[in-house]
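Here is the structure we will look at, set down as structure tokens.
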Amino acid sequence: KAGVTQTPRYLIKTRGQQVTLSCSPISGHRSVSWYQQTPGQGLQFLFEYFSETQRNKGNFPGRFSGRQFSNSRSEMNVSTLELGDSALYLCASSLAQQGTEAFFGQGTRLTVV
Amino acid sequence: GIQVEQSPPDLILQEGANSTLRCNFSDSVNNLQWFHQNPWGQLINLFYIPSGTKQNGRLSATTVATERYSLLYISSSQTTDSGVYFCAVSPYSGGGADGLTFGKGTHLIIQP
């Protein structure tokens, strides 16, 4: 079956702009989580969605937001981009049951100039 | 929040060698996973192992939840094992990637 698909793979934006990233989970998976990876801070949890509801959120400013659609696809949005937002953004999906593993996509590499 | 420490941070081995990677965590967890990040950035799930022992080919993992540590064993290393290995934990019981705290990883280089 198809894996987790993230689009676009690469993105270059200018400081102050906003960006939307997309994540299509594995078919049947209802939980989608987002992570930011930077050389300095490593992998950090942004938020998790299940059945269109945000259940948990990491420690990021309100400029970072997300949503999940009825087909479980998810988007995350970053507004008023800063240079420090340059990172690899990873999305993971799972069945959201105890004992189930996470499957990550290949990520979107965002560069803010 | 939960703190995760991985050791060693870097490891260079010859092909065929065995290795043990360690993950210490600061609080009780319901979710612990090991991942391998390949050179293209994708995280590949190796084990879901909040407790007990599992084996998959040349890889095995053990988590001693009462002592708050997990070990990943790689036997007969191959060059394709190179990459960064991450341990990730979460207090949430829903599995998956919800609220995972990642360690800084062990960067493994296998030389031919």
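Points to keep in mind about this one:
- Surface accessible to a 1.4 Å probe, per residue, for the residues of chain B, Å²: 45 Å²
- Accessible surface, per residue, of region A:1-96 when the full set of protein chains is kept, probe 1.4 Å, Å²: 48 Å²
- When the solvent-accessible area of region A:51-113 is split by element, carbon and sulfur atoms take up 44 percent of it, the probe being 1.4 Å.
- Rounded to the nearest 100, the interface formed by chains A and B buries 1800 square angstrom of accessible surface, both chains summed, with a 1.4 Å probe.
- Note on residue B:104: aspartates and glutamates with a C-alpha under 16 Å away, same-chain residues under 8 apart excluded, are B:5, B:10.
- Considering only B:103, B:51, A:51, the residue lying farthest towards the positive end of the dipole of the protein assembly as shown is A:51, judged by Cα position with unit charges set on Cβ.
- Size of electric dipole in chain B: Cβ of Lys, Arg +1 and of Asp, Glu -1, about Cα centre, debye, nearest 20: 120 debye
- Low-density loop cleavage sites - chymotrypsin sites (Phe, Trp or Tyr not before Pro) in region A:47-113, where at most 13 other Cβ are within 10 Å (DSSP): A:69
- Qualifying chymotrypsin sites (Phe, Trp or Tyr not before Pro) for region B:4-84 [loop in DSSP, other Cβ within 10 Å: at most 15]: B:40
The values are calculated or read from the model by the stated rules, or taken from the named source; none is laboratory data. On a predicted model such as this, the values are computed, not experimentally measured, just so you know. All Cβ positions, even for glycine, are placed from backbone atoms using ideal geometry, and neighbour counts span all protein chains on display. Areas reflect the complete protein model, heavy atoms only, side chains present, ligands, DNA and RNA absent. Shrake-Rupley method; radii C 1.70, N 1.55, O 1.52, S 1.80 Å.
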